[in-house]
Amino acid sequence: MSIEIAEGATMRVRFDGGKCIHARNCVLGQPGVFKANVVGPWIDPDAASPEELLAVAERCPSGAIVVERMDGTPTEQPSGRGVVAVWENGPYAVRGDLRVAGVEARRATLCRCGASKNKPYCDGSHVAAGFQATGEFPPPESLPAWDEPGLLVIEPQRDGPLKVAGAHEVTCGTGKAVRRGAVAFLCRCGASASKPFCDGTHRKNGFTADGA
């Protein structure tokens, strides 16, 4: 799906349908801007203030919605340290100063069920596939101090996991931190016995996917 661009008097909204996971934060948070079930143009940037547009964009977990000021003034800034949230029966929701498969981003939802047709991004296939995997994990006895925040590089490994490099925190879907570190390998075949981390099962189950 191509990227849609809607320009208002002062703001520009970019919508990437290939990344959208239909979380509906946009149509529920700003229904005047993002008009569901209409024929023709469905995004009206002038129906909300720049601050309201930015707020709804930042609540879009997939990064499908990006808001820009028409005068070129920077809008959305990196959220600080990289966070990988593991959703119950669903994808990884990642936030921070990201580079995903070579593409700069602030937010992304990444497949962990193995079924997405838009890897490394989630396309909602986990629902039809009946993917089941907990988003809650036992809390650690302790967490190390945060490293200095910086770029979080996520590189899909060919026929293997997602390599995460850079200071980051892995959290449950409810926000509880379960791990901090500088490097992690996250399962994306859906079959690891050590989810959310890779245990090598992709080599046994014939998982195939492009690498970075």
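Just so you know, all these numbers are worked out from the coordinates, no wet-lab data involved. All values derive from a computational prediction rather than experimental measurement. Cβ sites come from the backbone with ideal geometry, for glycine too, and all protein chains shown count toward neighbours.
Data table
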read-out	value
Leading residue at positive end of dipole, the chain (Cβ point charges), from Leu54, Ala145, Ser194	Ser194
Size of electric dipole in the chain: Cβ of Lys, Arg +1 and of Asp, Glu -1, about Cα centre, debye, nearest 20	780 debye
The stretch 84-212, relative contact order [Cα under 8 Å, separation at least 6], %	25 percent
Distant-in-sequence amide H partners of Arg188 (H built 1.01 Å from N, under 5 Å)	Leu162
Peptides 63-69, 203-209, 190-196 ordered by average Cβ neighbours within 10 Å, highest first	63-69, 190-196, 203-209
Pair Asp46, Ser2: separation of 7 Å Cα→Cβ label points (nm)	2.4 nm
Cubic angstrom per residue, convex hull over Cα atoms of the stretch 82-205	96 Å³
Of the chymotrypsin sites (Phe, Trp or Tyr not before Pro) in the stretch 6-79, those whose Cβ has at most 16 other Cβ within 10 Å and which sit in DSSP loop	Trp42
Karplus 3J(HN,Hα) series, Hz, for the stretch 83-97 with 6.51 cos²θ - 1.76 cosθ + 1.60 (x for Gly, Pro)	10, 10, 9, 9, 7, 4, 6, x, x, 8, 9, 10, 9, x, 8
Whole-Hz ³J(HN,Hα) from phi, Karplus 6.51 cos²θ - 1.76 cosθ + 1.60, for the stretch 154-170, glycine and proline x	10, 10, x, 8, 4, 6, x, x, 8, 8, 10, 10, x, 4, 8, 10, 9
Ellipticity estimate at 222 nm from DSSP helix runs (n ≥ 4, -39,500 (n - 2.57)) divided over the chain, nearest 500	-2500 deg cm²/dmol
Kirkwood-type radius of the stretch 116-162, with distances r between different C-alpha atoms, in Å	14.4 Å
Modelled FRET efficiency - R0 45 Å, Val183 with Lys35, Cβ distances, 0.05 increments	0.55
Reduced Cα scattering model of the stretch 75-122, Debye log10 I(q)/I(0), q = 0.20, 0.22, 0.29 Å⁻¹	-0.66, -0.77, -1.09
From phi via Karplus (6.51, -1.76, 1.60), per-residue ³J(HN,Hα) for the stretch 20-36 in Hz, x at Gly/Pro	5, 10, 6, 5, 6, 4, 6, 6, 7, x, 9, x, x, 8, 9, 9, 6
Theoretical FRET efficiency, 1/(1+(r/R0)^6), r = Cβ-Cβ of Ala55 and Lys176, R0 22 Å, to 0.05	0.35
Square roots of five times the Cα gyration tensor eigenvalues for the chain, Å	31, 20, 15
Cubic angstrom per residue, convex hull over Cα atoms of the stretch 3-69	76 Å³
Charged-residue dipole, Cβ positions (Lys, Arg, Asp, Glu), the stretch 1-91 about Cα centre, Debye nearest 20	260 debye
Contact order normalised by residue count of the stretch 1-144, Cα under 8 Å, 6+ apart, percent	20 percent
Near-label residues of the stretch 122-165 by backbone N, under 20 Å of a point 7 Å along Cα→Cβ of Glu104	149-156, 165
Taking the stretch 3-69 and dividing mean pair separation by its residue count, relative contact order in percent (alpha carbons under 8 Å, at least six apart)	42 percent
